[in-house]
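Novice: One structure, pasted below without further comment.
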């Protein structure tokens, strides 16, 4: 279990960060995914399926974060402002920051599909499994997302 944590924690935190936009929240989501894996470790039949399980848990955890934010936002308003730590600014750079913001502006499902496809370089089958949608839906979702990103980024020039 410690080897899995060491090997995949950073990549999963990056995935969560791209989906939720907050380093602290991303770390919490990943920690929750590893805690759930730890609880199920003795019942896990195929240890080769650990990474897909963790990816799915992280994507679902990010969805829960967005749902909570939406509920809280209805009652107290959206008070969350984007915060760019020095570390995040260095990691993303200005151009990458524009792309990051454009991806963050996509609808949740399109954002998830694009991050899984182009950031994690997953296949359509792996994305389908992680998101719980069909391969055809993955294709159309990624296609719509790319059209939206192209329009947004070309409009910023």
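Novice: So, in region 24-55, how many residues would count as being surrounded by 16 or more Cβ atoms within 10 Å (Cβ to Cβ) and under 12 Å from the mean Cα position of the chain (by Cα)?
Specialist: The qualifying residues number 6.
Novice: Moving to a separate point now. Out of all the residues in region 100-154, which are outside any helix (DSSP H, G or I) and surrounded by 15 or more Cβ atoms within 10 Å (Cβ to Cβ)? Reasoning before the result, please.
Specialist: Step one: filter region 100-154 for residues outside any helix (DSSP H, G or I), giving 106-107, 120-123, 132-134.
Scanning region 100-154 gives 106, 120, 122, 133.
Novice: Condition first: on the phi < 0 side of the Ramachandran plot, assigned to a helix (DSSP H, G or I), surrounded by 12 or more Cβ atoms within 10 Å (Cβ to Cβ) and modelled with pLDDT under 85. Can you find one or more residues in region 74-84 that meet it?
Specialist: If we filter region 74-84 for residues that are on the phi < 0 side of the Ramachandran plot, which is where we start, we get 74-76, 78-84.
From what's left, assigned to a helix (DSSP H, G or I): 74-76.
Checking which are surrounded by 12 or more Cβ atoms within 10 Å (Cβ to Cβ) leaves us with none.
Looking through region 74-84, none of the residues is on the phi < 0 side of the Ramachandran plot, assigned to a helix (DSSP H, G or I), surrounded by 12 or more Cβ atoms within 10 Å (Cβ to Cβ) and modelled with pLDDT under 85.
The values are calculated or read from the model by the stated rules, or taken from the named source; none is laboratory data. Owing to the predicted nature of the structure, the values given are computational and were not obtained by experimental measurement. FYI the Cβ positions are ideal-geometry reconstructions off the backbone, even for glycines, and counts take in every protein chain you see.
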